[in-house]
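What follows is a set of notes on a single structure, which appears directly below.
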Amino acid sequence: MRETLTPRERFGLLVIDEKPDRCNIIPLVTSHAAEIARMKLKKYYTNGEAMARAQIAAIEEYGHDAISIFSEVGIIAEAMGSDFDYPDDDLPVIKRPALTKKNIEDIKIPVPKRDKRLPVYLEAIGYAYQSLGDKVPILAYVPAPFTTGMMLSDPKTFLIQTIRDPDHIKKIMEKSLQAAIEFCYDIIDAGALPIIVDPLASSSVVSPKAYKNFALPYERALIDFLHRYDLDIILHICGNTEPILDLLLETGADLVSLDQVDLSLAIEKLSKRMRIIGNFDTSKIAFSSPEEIMEEVKNMVKRGIKSKKGYIASTGCEVPIKTPPENVRTFINAAKEVGWYWE
Amino acid sequence: MFEDLKPKKINLTEWSHQFRKISDQIIKKYKYYGNQDWGIYLSPLATFMVYGARQLKRLKFDNSFAALRLWGFVFNESERLFRAKQVGKKVIATMGDLGTIPVIVMSFPDCIPFYPECIWWTPFFNESFILLDMATKLGAPEPACFSRAALAAFYKKAYFPKPDLIFASTGASCDDYSCIMQLIEGLGYNPIWIEIPFRRKSRSYFVADDYEHTKWGIDYPKRFETYLMSEYEKVWQNMVEFTDINNRNYLAKSIKNANRLRKLVENIKKLSYEAELAPFPGLELMVIEFGNLYGYADFDEWTDIIEMVYETISERVQKGEGVLNPDALPIAWVTPSPDPYLLNLVEDLGCRIVATEYVINQALVEIEEDIEPFQALARSFLNASLIGSTEQRVRRIIEGVEHGRILGVLITNMLGCSHCAMETRLIQQMLSKVPVLSIDVPAPFGITEQLKSRIAAFVETIRCARR
């Protein structure tokens, strides 16, 4: 079937509850884009123009429906004072969390245009927007307060404090929320739609109770802020989210990106109020054969497009960096074969 | 409540800063179609940039709350039309006549008129060739007027929903648009065609015709009025058939609503153009003028916005405040520009727009309320500059020049628009007493330094002439 719409037009229809020509296809091609552009990872995550060029190269290679400005979830924590190592061929690795050096009261809200690698994202957005912004939506991934909070702390201490010192955790959350709001503010001004990512709030990491008490209220607060802009907000939580599916409705997110969840169950529980994004297994996209990917993606998309408020065919999490391009192409081709709404 | 700051033009980033001061309560207060769940439209300009309106990054806007409402509402139109369909309203495309048929359509409950050809601004706001290139592929030649974007929009079905009915005007309408409409018909749409007569000026050769004149002094052959009334009757009957409603009292009410807006806009123009300092920017004033056509698909809310704009302008005029330099040179603008940036640019270079001839004056005059409604609509339409002689079209501009209110005239032509090509030279000749600059509006994102220099030279010429 012939594509009638550009990715931007397709996404625009989705967010106003209209069926586009076919479903949006947005595998989470993030740092994998550096591979497509044959670029050192360090260059990708430290240079905004390079990040944008890699993303544009990926769009040209695969023909998917959005640019993803993202490298890793420590970006805000880094700007708030956590130290990272920056390997040439791998993503930044946390070395020393900020709260092991100073108190929460002494941590400053970063200035996104100035501090650490936040300007890299903003520059990448600006470059991508100028290059392809009329045709392709630009999505910028923003770590949610819970994830940032954990990247500010020693993770073990942080998790223990959720039980022993919840007030302290809430202080961390408040500050992380403010930082995320400031970052989103500049992201919007640069032309991208913020996606809230909260991988460390998944049930693979914390209990549903901890999610409800410490992650959800701040996801909701951030989403409320973004709703002031009348933007449609994506919440991405990778890992297992089946135990918190009902709670996701309380976040107010307009689109929810899921990973290790039964897609039919997610559609049943969420699709009256949320558009569903997901959720192809990322280990399969990295390691399965193209034939297996073709069949499984088709099955997934056939179920996904039945979702009432709309569906985006995607991977459950980021496409692994070293995924064979053939596999990503197969994912997209499979979704393009069966994901049609228009006759 | 958000309190307006000292009037000035600000950019998108500055608007985002101001927007942070606006409370959630206020954001939720303004809704289209009065819908509490999805009717929000009060967004900063950055929101629309995120969704692809790239030119907003380069434009400057008025900093009043009224202007925020205005822009939020205008940019929300596409979504509004889709939502209208989703909640069971009927979306009626009214094309080419510019201002009259929507008054009939709005007489029918839950029927929303809109002008698909107004999408000609979209390629410029988006700095994008997507619609224009698609129109070319669909058979509208590249040199055709930018209204060819409508052809691509009908094909793509992503900018407005499939209309429930389409009324399309032909005859003494814009001919490029008429051709485009015929191509749209070829896509499988079924427009109901309305013919518009050419308004002859001279009585002497057509002795068989009785002539009348409109309340605003335009002569026309009486039988054209009768003819237009029959065309409007055709529109009415189609609407009756479609909705199963037939109540002429609604038409009288619709005319009253249209007049309420038209009076407001007339007052806004008068206040703005006659004030010592320009109280509102030319770009916003152009958007306001075009709002008379159909209220951007929610006539009541738009009228409410325009009331707020009127209050803002009145207050500024009373306080002697303006958005442009006090020595800005008063000019007239002839033919609307599809590129909004040009209006910013001309003001930045030192001009102030004090008169316009945007070929929609039929939508600016009041409709008579004390005669038969279809006759009143016909008589208001017969004021249209698009359907008459060039001399009639520029008469008011010439008057402004004679009275010294207008020191220069800028004509923005559309490449390929035959109407522009034939008329511009004539207009230039008729306006020989002041500097006249005629420019071809380039394709999106195409304003060059050379074009800027030409406009700067035009401004300098006016300045020298004034000295």
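When the residues of segment B:274-321 are narrowed to those that are of a type in the set (Phe, Trp, Tyr) and more than 23 Å from residue B:342 (Cα to Cα), which ends up farthest from the chain's Cα centre (by Cα)? Here the answer is B:310. Applying the set (1) in a helix (DSSP H, G or I); (2) within 14 Å of chain A (Cβ to nearest Cβ) to residue B:66 leaves exactly one unmet item: (2).
Matching residues to (1) more than 14 Å from chain B (Cβ to nearest Cβ); (2) of a type in the set (Lys, Arg); (3) over 30 Å from residue B:76 (Cβ atoms):
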site: A:4; (1), (2), (3): no, no, no
site: A:40; (1), (2), (3): yes, yes, yes
site: A:53; (1), (2), (3): yes, yes, yes
site: A:91; (1), (2), (3): yes, no, yes
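If the condition is being within 14 Å of chain A (Cβ to nearest Cβ) and assigned to a helix (DSSP H, G or I), then segment B:75-112 contributes B:75, B:77, B:78, B:79, B:80, B:81, B:82, B:83, B:84, B:85, B:86. Pairs meeting the criteria (first residue in segment B:335-361 and without any contact (Cβ under 8 Å) to a residue 60 or more places away in the chain and surrounded by 20 or more Cβ atoms within 10 Å (Cβ to Cβ), second residue among the basic types (Lys, Arg) and not in a loop (DSSP other than H, G, I, E, B), beta carbons under 8 Å, at least 6 apart or on different chains) are B:357/B:393; B:357/B:396. For segment A:33-51, the set of residues classified as within 23 Å of residue A:331 (Cβ to Cβ) and either of a type in the set (A, V, I, L, M) or not in a helix (DSSP H, G or I) (or both) consists of A:33, A:34, A:36, A:37, A:38, A:39, A:41, A:51, listed by residue number. The residues in segment A:243-259 that are out of contact with any Ser or Thr (no Cβ under 7 Å at 6 or more places or on another chain), not aliphatic (A, V, I, L, M) and not in a loop (DSSP other than H, G, I, E, B) can be counted, and the count is 3.
Helices (runs of 4 or more DSSP H) fully within segment A:141-241 that include at least 1 residues being modelled with pLDDT of 95 or more and within 14 Å of the chain's Cα centre (by Cα): A:145-152, A:166-190, A:216-227.
Close contacts from segment A:181-203, counting a first residue that is more than 11 Å from chain B (Cβ to nearest Cβ) and without any contact (Cβ under 8 Å) to a residue 60 or more places away in the chain and a second that is aromatic (Phe, Trp, Tyr) and part of a strand (DSSP E or B), with Cβ to Cβ under 9 Å and a gap of 6+ residues or different chains, come to A:196/A:141. Of the residues contained in segment B:47-58, one or more are found to be out of contact with any helix residue (DSSP H, G or I) (no Cβ under 6 Å at 6 or more places or on another chain), closer than 29 Å to residue B:321 by Cα and more than 9 Å from chain A (Cβ to nearest Cβ). Could you tell me which residue of segment B:3-16 is nearest to residue B:283 (Cα to Cα), considering only residues that are modelled with pLDDT under 95 and either at the interface with chain A (Cβ under 9 Å from one of its Cβ atoms) or surrounded by fewer than 14 Cβ atoms within 10 Å (Cβ to Cβ) (or both)? Top of the filtered list is B:5. Screening segment B:130-223 for helices (runs of 4 or more DSSP H) wholly inside it with 1 or more residues that are over 20 Å from the mean Cα position of the chain (by Cα), of a type in the set (A, V, I, L, M) and within 14 Å of chain A (Cβ to nearest Cβ) returns the ranges B:130-137, B:149-156. Got at least one residue in segment A:240-258 being buried (at least 17 other Cβ atoms within 10 Å of the Cβ), polar (S, T, N, Q) and out of contact with any helix residue (DSSP H, G or I) (no Cβ under 6 Å at 6 or more places or on another chain)? Yes - at least one qualifying residue is present in segment A:240-258.
Of A:196, A:223, all but one fail to be crowded, with 19+ Cβ neighbours inside 10 Å and in contact with a Gly (Cβ under 6 Å, 6 or more places away or on another chain); the exception is A:223.
Considering (1) buried (at least 24 other Cβ atoms within 10 Å of the Cβ); (2) within 14 Å of chain B (Cβ to nearest Cβ); (3) in a helix (DSSP H, G or I), the lone condition that residue A:20 does not fulfil carries the number (3).
Looking across segment A:123-138 at every residue that is at the interface with another protein chain (Cβ under 10 Å from one of its Cβ atoms) and either aromatic (Phe, Trp, Tyr) or not in a helix (DSSP H, G or I) (or both), the one that is surrounded by the fewest Cβ atoms within 10 Å (Cβ to Cβ) is identified as A:135. Of all the criteria given as (1) in contact (Cβ under 8 Å) with a residue 24 or more places away in the chain; (2) surrounded by 17 or more Cβ atoms within 10 Å (Cβ to Cβ), the one not satisfied by residue A:272 is (2). Among the residues of segment B:17-44, just one is more than 10 Å from chain A (Cβ to nearest Cβ) and crowded, with 22+ Cβ neighbours inside 10 Å, namely B:32. Within segment B:417-437, the set of residues being surrounded by fewer than 18 Cβ atoms within 10 Å (Cβ to Cβ) and not in a helix (DSSP H, G or I) comprises B:432, B:433. Pairs linking a residue in segment B:264-289 that is touching a residue at least 40 places away in the same chain (Cβ under 8 Å) and surrounded by fewer than 19 Cβ atoms within 10 Å (Cβ to Cβ) to a residue that is outside any loop (DSSP other than H, G, I, E, B) and of a type in the set (Gly, Ala, Ser), with Cβ atoms under 7 Å and 6 or more positions apart or on different chains, are B:271/B:314.
Which condition breaks for residue A:30 when tested against (1) in a helix (DSSP H, G or I); (2) closer than 28 Å to residue A:321 by Cα; (3) more than 14 Å from every other protein chain (Cβ to nearest Cβ)? Exception for residue A:30: condition (1).
The values are calculated or read from the model by the stated rules, or taken from the named source; none is laboratory data. Treat the numbers as computed from the prediction; the structure is a model and nothing was measured. Positions of Cβ are backbone-derived with ideal geometry, glycine not excepted, and every protein chain shown enters the neighbour counts.
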